[in-house]
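Note sheet for the following structure.
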Amino acid sequence: MENLSNTIKRRFDHEASRQALKEKYEAKLIFAHQGGMFRAGPELIVLLNSLSQDSVIIVDLYDSPVTVNKAQLLEDTVQRWQEQLNAWQVELAGLSRER
């Protein structure tokens, strides 16, 4: 019975650690750019790739319209997205090894 209890406890701790890790990296995906706050992610990347103008107005996280340089915001978004996902993957792999 104690072995089962320890297994359940370890599994719960692992899931709690995964959730905390997810929240940590989701917070790091938010960044300021040209007077607005944006969340790096596939949605923003697709939106920026679909726009043809160089200077565009998009709505930031606080529902404020912000004029941005599309190419610069796209570059910053992709860079932040990739950096944070790489770090998240490395940390998650380490967490899985501990289990």
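Is it the case, given these coordinates, that Leu73 is in contact (Cβ under 8 Å) with a residue 24 or more places away in the chain, in a helix (DSSP H, G or I) and exposed (fewer than 15 other Cβ atoms within 10 Å of the Cβ)? No, not satisfied.
If you check Thr77, Thr67 for being polar (S, T, N, Q) and under 22 Å from Lys22 (Cβ atoms), only one passes: Thr77. Being surrounded by 15 or more Cβ atoms within 10 Å (Cβ to Cβ), at pLDDT 95 or above and either part of a helix (DSSP H, G or I) or within 11 Å of the chain's Cα centre (by Cα) (or both): is that true of Leu21 here? No, not satisfied.
Looking across the range 28-70, just one residue is in a helix (DSSP H, G or I), buried (at least 17 other Cβ atoms within 10 Å of the Cβ) and touching a Phe, Trp or Tyr at 6+ places or on another chain (Cβ under 8 Å), and that is Leu44. Ser52 - would you say it is more than 13 Å from the chain's Cα centre (by Cα), closer than 29 Å to Leu95 by Cβ and of a type in the set (S, T, N, Q)? Answer is no for this residue.
The values are calculated or read from the model by the stated rules, or taken from the named source; none is laboratory data. All of these numbers come straight from a predicted model, not from anything done at the bench. Positions of Cβ are generated from backbone atoms using ideal geometry, with glycine treated the same way; all protein chains shown enter the neighbour counts.
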